[in-house]
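> Sharing a structure below in structure tokens format, with a few things to ask.
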Amino acid sequence: MAMEIRLPVARKPLSESLGRETKKHLVVPGDTITTDTGFMRRGHGTYMGEEKLIASVAGSVERVNKLICVKALKTRYNGEVGDIVVGRITEVQQKRWKVETNSRLDSVLLLSSMNLPGGELRRRSAEDELAMRGFLQEGDLISAEVQAVFSDGAVSLHTRSLKYGKLGQGVLVQVSPSLVKRQKTHFHDLPCGASVILGNNGFIWIYPTPEHKEEEAGGFIANLEPVSLADREVISRLRNCIVLMVTQRMMLYDTSILYCYEASLPHQIKDILKPEIMEEIVMETRQRLLEQEG
């Protein structure tokens, strides 16, 4: 029986640039953030007590002018209009679908908030309502955009653009929403041969880059063709790189994922999550990101 034995190795010294990296102001519930009366505009995750601003959640302190808030390190997804999300259909109801999006309440996708197959523009009829399970059924994964946020925190979604809709073959990775960096676009075709959708809700979808975009399908035709071995290896490596970055609390965006992928190429896919190799890849990735930021 094969047995693997790993011995301790000497820790590599941190480079000077990594050592100078700015440290975040971390707090836990009950910590005093400031006693300065100039910072009297309190934001999320804070409350006033005895003329002091006190943290109510564990996280990093963020300051915008005179406003102070605490961004929780681990939290459920709080929807904002315009966010890109990846979700799973949990229930088909009358004229709507319930979608799991990692928030406190199930999100809602209305029948009127989606494109019909073929991209038809018309009123939704009783026939469309009867065919809802043919469009999307329980267990299907979709990409969508947040259309509205209700007073109780529930989220309403829409898939009116052809870039949204049902997702085909790929891998879903669930991370904390606080680790996904907000960007102008969350759909990325990486040069390594795979694509990622970085959902603001912490659901990340990795899939083989399609050779041609399905513009006429209206987002309902899932590609079920067999995925080649090379594509599966790229997807597996990307998945392990994202898990590695989440373990090290690194922000996820297209550049950081690509740098991590390139740093992992000398190693086998199954070895990426070993502690000593993980540390080596993270060090190289952080170094390249700092050099890029300049």
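The values are calculated or read from the model by the stated rules, or taken from the named source; none is laboratory data. Fair warning: this is a prediction, and the values are worked out from it, not measured in the lab. We place every Cβ from the backbone using ideal geometry, glycine too, and count neighbours over all the protein chains shown. Protein only, heavy atoms only, side chains kept; ligands, DNA and RNA dropped before computing areas. Shrake-Rupley method; radii C 1.70, N 1.55, O 1.52, S 1.80 Å.
> Largest first, what is the accessible-area ranking of 114, 48, 283, 1 with a 1.4 Å probe? If you can, show how the numbers build up before the last one.
On the way: 114 5, 48 80, 283 50, 1 215 Å².
I get 1, 48, 283, 114, largest accessible area first.
> Which of the cysteines in the chain are isolated, no other cysteine C-beta under 4.7 Å?
69, 192
> Does segment 230-285 come out rounded, prolate or oblate, given a ≥ b ≥ c as the square roots of the eigenvalues of its C-alpha gyration tensor, rounded meaning a/c under 1.5 and, failing that, prolate meaning a/b above b/c? Mind dumping the intermediate values first?
On the way: a/c = 1.57, a/b = 1.14, b/c = 1.38.
The shape class here is oblate.
> For the chain, which whole percent of the accessible surface, found with a 1.4 angstrom probe, sits on carbon and sulfur atoms? Before the final figure, lay out each step's value.
On the way: 8750 of 17080 Å².
The value for the chain is 51 percent carbon and sulfur by accessible area.
> Which order do the peptides 165-178, 69-82 take when ranked by the mean count of other beta-carbon atoms within 10 Å per residue, highest first? It would help to have the intermediate numbers written out before the result.
On the way: 165-178: 18.4, 69-82: 16.9.
Descending mean neighbour count gives 165-178, 69-82.
> To continue, here is another question. Semi-axes of the equivalent ellipsoid for segment 26-72, please: Cα gyration tensor eigenvalues, times 5, square-rooted, ordered largest first, whole Å. Intermediate results must be reported in sequence, preceding the final value.
Numbers: eigenvalues 42, 30, 11 Å².
Taking √(5λ) for each eigenvalue gives 14, 12, 7 Å, largest first.
> What does the charge count near residue 43 come to, summing +1 for each Lys or Arg and -1 for each Asp or Glu among other residues with Cβ under 12 Å from its Cβ? Before the final figure, lay out the partial values.
Values: positive: 41, 42, 63, 66, 71; negative: 62.
Its environment carries a net charge of +4.
> For the chain, build the charge dipole from Cβ charges (+1 Lys, Arg; -1 Asp, Glu) around the Cα centre, then report which of 234, 113, 44 sits farthest towards its positive end.
44
> Still on this structure, please answer the following. Taking 0.36 nm per intervening residue step and subtracting the Cα-Cα distance, what contour gain separates residue 92 from residue 123 on full extension?
So the extension gain works out to 9.2 nm.
> Given that just one value was derived from the coordinates, which of (i) 18.6; (ii) 24.8; (iii) 21.7 is Kirkwood radius over Cα pairs in Å?
(iii)
> Hey, another quick one. Using the Cα centre as the reference, give the magnitude of the dipole from point charges on the C-beta atoms of segment 26-72 (Lys, Arg: +1; Asp, Glu: -1; all else neutral), rounded to the nearest 20 debye.
200 debye
> With every protein chain left in place, what is the accessible area per residue of segment 26-72 in square angstrom, probe 1.4 Å? Could the numbers behind the result be given before it?
Values: 2900 Å² over 47 residues.
Dividing the accessible area of segment 26-72 by its residue count gives 62 Å².
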